[in-house]
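Comments concern the structure below.
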Amino acid sequence: MKLAVIAVGRLKERFWREAEEEYRKRLLPHASLSVEEVRDEPDTGPAARALAAEGARIAERLQERDYVIALDIDGSRFSSALFASKMAAVAGMGHSRIVFIIGGSRGLAPDVLRRSHLRLSFSDFTFPHQMMRIILLEQVYRAFTIMAGTKYHK
């Protein structure tokens, strides 16, 4: 299975990059993973304009046959086991890859949300976007271990 994460902004601190690398290694037996970072807009100027610019950068990286999952606080919530079932179902749908999109501090452009097949929420809490990337990768890894029946998920 091919997975991609498209994230607004970069992982700046070394500990976030190391955590991402750890989950990349753990995912290798299960799936290929690419992580693409798009430049975030400065916090000056109209939010709608910034969202549109970031959204355009995200759209450039999407392919027609992608199954797109946008991380959105107003999205659907799943248990880890149900998320694993969803991933397994999507894998059988014939999409070229599953793409997770993490927005910047302003969220995601409406066009990106409309393009997504699923809007996914992890919590009512607001997380730093760098941390959210690691939480997402951990949950994706957990989903694969659930599908494989290994002992990681308890």
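Bear in mind that the values in this text are calculations on the coordinates, not laboratory data. Note that this is a predicted model, so its numbers are computed, not measured. Cβ atoms come from the backbone with ideal geometry, glycine included; neighbour counts cover every protein chain shown.
Quick rundown of the values:
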read-out: Exposure rule at most 14 other beta-carbon atoms within 10 Å, DSSP loop GluC sites (Glu not before Pro): the chain longest free segment; value: 65-154
read-out: Convex hull volume per residue in cubic angstrom - Cα atoms of the range 54-143; value: 93 Å³
read-out: Dipole moment magnitude, nearest 20 debye, the chain about Cα centre, only Lys, Arg, Asp, Glu C-beta charged; value: 480 debye
read-out: Percent breakdown of C-alpha pair distances by 10 Å bin, ordered from the shortest bin, for the chain; value: 11, 42, 38, 9, 1
read-out: Estimated distance in nm for a label pair at Ala53 and Ala88, the labels positioned 7 Å out from Cα along Cα-to-Cβ; value: 4.5 nm
read-out: Cβ-based charge dipole, the chain, positive-most Cα from Leu137, Ala70, Val112; value: Leu137
